[in-house]
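Asks: Handing you a structure now.
Quick note: the coordinates plus some simple rules give every number you see, no bench work behind them. Please read all numbers here as calculations on a predicted model, not as lab measurements. Ideal geometry is used to build each Cβ from the backbone, glycine not excepted, and the neighbour counts take in all protein chains shown.
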Amino acid sequence: MAATSGQGHPLPYDTYREAVARETLRFAATVEDADLASAVPACPGWTLADLTRHVGSLQRWFATLLTQRVQEPPRSRDVELGLPEDEREWPGWVAAGEPAVAAVLRDTDPEAPMWVWGEDRRAGFWARRMLFETLVHRVDAEHAVGGRAGAEADIEPALAADGVDEFLVNLPYAGLFAPGVTKLRGDGETLAFVSTDTGEEWRVRLDPDGFRPVAREDAEATVAVRAPAAGLLLLLYGRRSYQEPGYEVSGPAAVLDNWFAHTAF
């Protein structure tokens, strides 16, 4: 892959459906017996209780959007959560919501046009987005309960590569909730993110008026980061640093610093 193509969901839709279920249940199992007052290092100011409520609430909101096939930006994010008063029951609440989410995804035509905040204006956007929200927060939860930050071995390379693609394709549209993105600028510098296990590569050029994905043949890389796809995924989401072991960097670090200073997602 020369660059992010922006041509929609490149993995089969069933892959997203199945992975959402798997990651949801794994998240719930991770927090089930944990101290929900524990801090979540990847989400400053959040506890595991906050993270658990976020994952369960977000999935229910996405499912509501899909059920209603919304065609314009919703005016409210209020949905019926059924959230237990006792936060100790929240891990079970996340797991209990999985069958309903699975049913909505099963009944969804991924090609159906609907409102999304990103590039792919089809319902499949939400299944793909739900997966990577859940997957990254599953890694956050495992880290919080004592696992190794990153846990790359537990993210399938093809899935991780798709997550990198999904992140970069949608990043230009994320200014509504990630305002730093709107200020990401450059003078033609090009960043290359190279997956050492899948062989894929993504390039993004920073221009005075913004940034955009570019094909490999259209722009020479100013700086390149090479790592397994899972490492790239967690790097882009701010869960890892390019200065850590496992990342091979060539080119000026200042270009990377500018990128990460503006792309907190």
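Asks: With the Cα gyration tensor of the chain in hand, convert its eigenvalues to equivalent ellipsoid semi-axes via √(5λ) and list them largest first in whole Å.
Replies: Gyration-tensor ellipsoid for the chain: 30, 22, 17 Å.
Asks: When only Cα pairs under 8 Å and 6 or more residues apart are kept, what is the percent relative contact order across the chain?
Replies: About 21 percent, as a whole number.
Asks: Kindly state, to the nearest 0.05, the FRET efficiency for T182 paired with Q68, given R0 = 30 Å and r defined as their beta-carbon distance. Spell out each step's value before the answer.
Replies: Working: r = 29 Å, r/R0 = 0.96.
That gives a FRET efficiency of 0.55.
Asks: On to the next question. What ranking, highest mean first, results for peptides 98-109, 240-251, 75-86, 27-38 when packing means the other Cβ atoms within 10 Å averaged over each residue?
Replies: Top of the packing list down: 27-38, 98-109, 240-251, 75-86.
Asks: Pairing the Cα long axis of helix 157-170 with the longest principal axis of the chain, what angle in degrees results, from 0 to 90 and rounded to the nearest 10?
Replies: 80
Asks: I'm a student and want to see the number: the projected area of the Cα convex hull of region 164-241, averaged over all directions, in nm².
Replies: Orientation-averaged projected area of the Cα hull: 5.1 nm².
Asks: Go ahead and run the numbers for FRET between V249 and A158, Cβ-Cβ distance against an R0 of 30 Å, rounding to 0.05.
Replies: 0.80
Asks: Next question. Separation between the R121 and D33 pseudo-spin-labels, each 7 Å from Cα along Cα→Cβ, expressed in nm?
Replies: Each label point lies 7 Å from its Cα, and together they span 5.0 nm.
Asks: Give me a comma-separated list of calculated 3J(HN,Hα) values for region 10-22, in order, Karplus coefficients 6.51, -1.76, 1.60 applied at θ = phi - 60°, integers in Hz, x for any Gly or Pro.
Replies: x, 8, x, 4, 4, 4, 5, 4, 5, 6, 4, 4, 5
Asks: Nearest-5 percent of antiparallel DSSP beta bridges in region 107-242? Display every interim value, and only then the final one.
Replies: Working: 12 of 17 bridges.
Beta bridges within region 107-242, antiparallel portion: roughly 70 percent.
Asks: Please state, to two decimals, what the Cα-based radius of gyration of region 123-265 comes to when divided by 2.2 N^0.38 Å (N = residues).
Replies: For region 123-265, the normalised Cα radius of gyration is 1.00.
Asks: Using alpha carbons only, how many degrees (0 to 90, rounded to 10) separate the axis of helix 90-107 from the longest principal axis of the chain?
Replies: The angle comes out near 70 degrees.
Asks: Counting Lys and Arg as +1 and Asp and Glu as -1, what is the net charge of the other residues whose Cβ lies under 12 Å from the Cβ of F211?
Replies: Overall, the nearby charge balance is +1.
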